[in-house]
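Notes to accompany the following structure.
Values quoted throughout were computed directly from the atomic coordinates according to the rules given, and no laboratory measurement underlies them. Source: prediction; values computed, not measured. Here the Cβ is made from the backbone with ideal geometry for all residues, glycine too, and neighbour counts use every protein chain on show.
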Amino acid sequence: MEKAGYDDSFIVIENTSTTDNQTSPNKSTSGTPERSGSSGNAIGMGGNTGGGTSTGSSIVGNSGTGSDPGNRPDIDPVHGNPAGFTILGPTFLSPEHMNRFVKNINPKAPELGSFYLTFGEYYGIRGDVAFAQAILETDYFRFTGDVRPEQNNFSGLGATGSKARGASFATPEEGVLAHLQHLYAYATTIKLPGQYPLVDPRFDLVDRGSAPTWIALNGKWAVPGSDYGQTILDIYERMIHLTIQHLETTRQNLNP
């Protein structure tokens, strides 16, 4: 069947074998390598050590689509090379497409696509790929590991195994914000833009700019995580494929 691929300038479709809607069975943990451990998630719930509970107020009302473009990092996309597919870059999929993908597996999943788009655009991060990472970390938002749904922790921050629950956030919006801020810390050394409060409890412990690509997160967000980034991109690829199928169905309905 046709398989969707990804590129910074366009979506690529090529013929390949069918893949199912299962993520990698490998477990992962997010955090600096010397501090990380297994989190116990069935699919790959990871997290940085430390964590704690964030007491920040809700971000609702502040989350526009961005601020002064001068506060955002310059984007230099890499084309056609998964190993060089950068964390910084545009978000292609709409919130509806993100939510539709995860609800095909877990109909009870929270609808977080709009937050990933908003904060992704603000920080210059691929919000749809970050959404794919959240799918990996939470087992399609079923929370089958140590982190509980009420923690609003979608990226495994502080969940390092041995029943460590990790960080908690006041709202789903704040949990997504912390996720994108943690990715920003890995992706660039540029100062964090200041429109939103810093809610990532592990931001200052990251080796800034040490993982500019998703695959470079291997061994950093995930330990040992030898295929952590590849698994994120595989999920993202399936998200693109489902979106293409949906758009094709819509096109056919317009031309019966």
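Fewest first, what order do Leu112, Leu177 take by the number of other Cβ atoms within 10 Å?
With the sparsest Cβ surroundings first, the list reads Leu112, Leu177.
Using Cβ contacts closer than 10 Å as the measure, can you line up Lys163, Lys220, Lys103 from fewest to most?
Placing the least packed residue first, the sequence is Lys163, Lys103, Lys220.
Kindly put Tyr123, Tyr196 in sequence by how many other C-beta atoms sit within 10 Å of each C-beta, fewest to most.
Final ranking by Cβ density, sparse to dense: Tyr196, Tyr123.
Tabulate in residue order the Karplus-calculated ³J(HN,Hα) for segment 168-184, using 6.51 cos²θ - 1.76 cosθ + 1.60 with θ = phi - 60°, rounded to whole Hz; enter x for Gly and Pro.
10, 10, 5, 9, x, 4, 5, x, 5, 4, 4, 4, 5, 5, 5, 4, 4
Let a ≥ b ≥ c be the square roots of the eigenvalues of the Cα gyration tensor of segment 189-247; is it rounded (a/c under 1.5), or, if not, prolate (a/b larger than b/c) or oblate?
oblate
Whose amide H sits under 5 Å from the amide H of Gly161, counting only residues 5 or more places off or on another chain, with H placed in the peptide plane?
Ser39
Under 5 Å between amide H atoms, partner at least 5 residues away or on a different chain: which partners does Thr86 have, H built in plane at 1.01 Å?
Placed amide hydrogens put Val78 under 5 Å from Thr86.
Can you tell me how segment 139-256 classifies by the Cα gyration tensor, rounded, prolate or oblate, using a/c under 1.5 as the rounded cut?
Judged from the Cα gyration tensor, segment 139-256 comes out prolate (a/c at least 1.5, a/b above b/c).
Check which residues have an amide H placed less than 5 Å from Asn218's amide H, if you skip close sequence neighbours.
Gly229
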